[in-house]
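Here's the structure, in C-alpha cells; my notes come after.
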Amino acid sequence: MEENRLNNANTDCPFKELCETLLFYFDETIGHVPLLICPENALDDDSGKMHLIRYHPIWFLELKDKTTINRIDLEYSNNMYFAKKFIVESKRVKRRAGSFQKRGEIVVLILVLPTDLDVFGGELINLLTKKIIDQFENTLYQVIESEIAKLEVIKTEKLINVIKKGDQIKEEIKAIINLTCEEHFSSVIKQTDATSFKLQKAISYLTFKGIDIDHIVMDAQNESFSKIRLFDYDRVVQQKLGIKDQFKITNINIINNFQEIEVLVKNNSKKEFNDLIIRITYIKEFFEKEVLNEKVEKCLPEEELLFITPVIKNTNNYLFSIIEEHSNRTLFSNKIDLESVKNRPY
C-alpha cells in the first residue's frame, strides 16, 4: 500500500508545479552541488535563481555535528526560499586532502514557494527534513557517490553499479518528497478552523493557478476551510471520477478594445439541463466578486451558449462556473486568463 502511494505521488501531486524542492550537498572540491531537483526542470534557464541559491545565507551557518539542524528563510522576487542544513552519515572517501571521512555529508534542503503560499512552507520543510534524515541518513551519501561517478569519463562496471544504486535511492527520495508535499498541502487546506488571512490568500492563489482542490475539501466531508467561502466547493470533481466534462468552453473572444469578453460554452453531453445559473467571478482582495450572473432555463444537448461580460480594469483572471439552481451544485468550472486567451486552444 505504501509503495503504491509513493508511486502515485510521482505523477498525481497537484502542487508539483508550484512547489520546488532542491537538495544540495557540499563537495569538498567544487563547493555547492545540486543533488536532487524536484521537479527536474526547476532550474532550467534560470541562472538568477541558481545564483541566489548558491549565496543563500544557509551556506554560511556552521554545523558543529550531525545533530544540529539550522534553518533560514529568504524572500526574493515573489518567492520564499525556505532552507535547512544538516549532516548525514557518510562512508565516502573524500577527494580533498584534509577532508575527514568521519565528518559526514553536509546537505542543504531548499523549498521554493510563491510568497502567496508561504503559509505552507515552514512546517513543510521541517517535515521534509525529518523524513529525509529518518529514512535516508545512512544511504544519502550513495546518491552523492553516484553523482560523482557520472563525471568520470571511463565508467567501470563498479562505477555503473554505484550510479544505478544512487539513482534508485534518488527516485525513492523524490517519491517521498512528492507524497509529503501533497499530504501537507491537503491537510492544511482542509482545516475547518483555518481562518487566517494568509490561508485565505493561499487558497485564492491555488484556485486561480488552476489547481483543483475540490477533492481535498470533499474528503473532509464537504466542510468549508473557513467561514469565508471564496468559491463553491460542493461540486462533483468529474475529472477525478473519470467522467467527461458535461460542458466545454469552445471559444473566448476579447471585444470592444478589451472592454468586454465573449465566452462560448457548449453542452458537451446528450443530456438536457434546466434552470442553470451562469456566473463569472474574479478575486478582489481575496474575496469573490461577480461580473456576470445569468439564469438559463433550458440548455439542449450539444447546444452552444454565448455570454458577454465586461472586463474589470487591471484584472486578467476570472472563474467561469455553471451551477445547478435547485441543488446549488457546480456542474462545471473553468479558469479564464485574459493574458493567454489569444494563444489558448479550446
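Values in this text are rule-based calculations from the coordinates and carry no lab data. These figures come from a predicted structure and were not determined experimentally. As a convention, Cβ positions derive from the backbone with ideal geometry for all residues, glycine included, and neighbour counts pool all protein chains shown.
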| query | Efficiency by 1/(1 + (r/R0)^6): what FRET value for Glu89 and Thr115, r their Cβ-Cβ distance, R0 = 41 Å, to the nearest 0.05? | reply | 0.70
| field | Set Lys130/Lys335; Lys130/Lys155; Lys289/Lys335; Lys85/Lys170; Lys49/Lys289; Lys49/Lys150 screened for pairs whose C-alpha atoms are more than 26 Å apart | value | Lys130/Lys335; Lys130/Lys155; Lys49/Lys289
| note | Between Lys130 and Glu157, the FRET efficiency computed from the C-beta separation at R0 = 41 Å comes out, to the nearest 0.05, as 0.65
| query | Quick one: Ser333, Ser186, Ser340, fewest Cβ neighbours within 10 Å first, how do they rank? | reply | Ser340, Ser186, Ser333
| query | What does the highest-first list of 139-147, 298-306 look like by mean Cβ count within 10 Å? | reply | 139-147, 298-306
| Hey, got the dipole for the range 280-339? About the Cα centre, +1 on K and R Cβ, -1 on D and E Cβ, debye to the nearest 20? | 240
| task | Extending each Cα 7 Å along its Cβ direction at Asn328 and Lys289, get the distance between those two points in nm, one decimal. | result | 2.4
| Alpha carbon centre of the range 117-152 versus the range 287-332: separation in Å? | 45
| task | Quick one: which residues, 5+ away or cross-chain, put their amide H under 5 Å from the amide H of Val311? H built at 1.01 Å from N. | result | Glu260, Ile261
| Which order do peptides 105-116, 271-282, 252-263 fall in by mean Cβ count within 10 Å, highest first? | 105-116, 271-282, 252-263
| field | Computed E for Glu183/Lys335 - FRET, C-beta separation, R0 25 angstrom, nearest 0.05 | value | 0.50
| note | Expressed in nanometres to one decimal, the distance between label points 7 Å along Cα→Cβ at Asn138 and Leu306 is 7.1
| Distance (nanometres) between label positions extended 7 Å along Cα→Cβ at Lys165 and Lys298 | 7.4
| said: List the residues, sorted by chain then number, that are 5 or more residues from Ser90 or on another chain and whose placed amide H is less than 5 Å from its amide H. | reply: Gly104, Glu105
| field | Gain in span if fully extended, Ile254 to Asn78, counting 0.36 nm per residue against the direct Cα distance | value | 60.4 nm
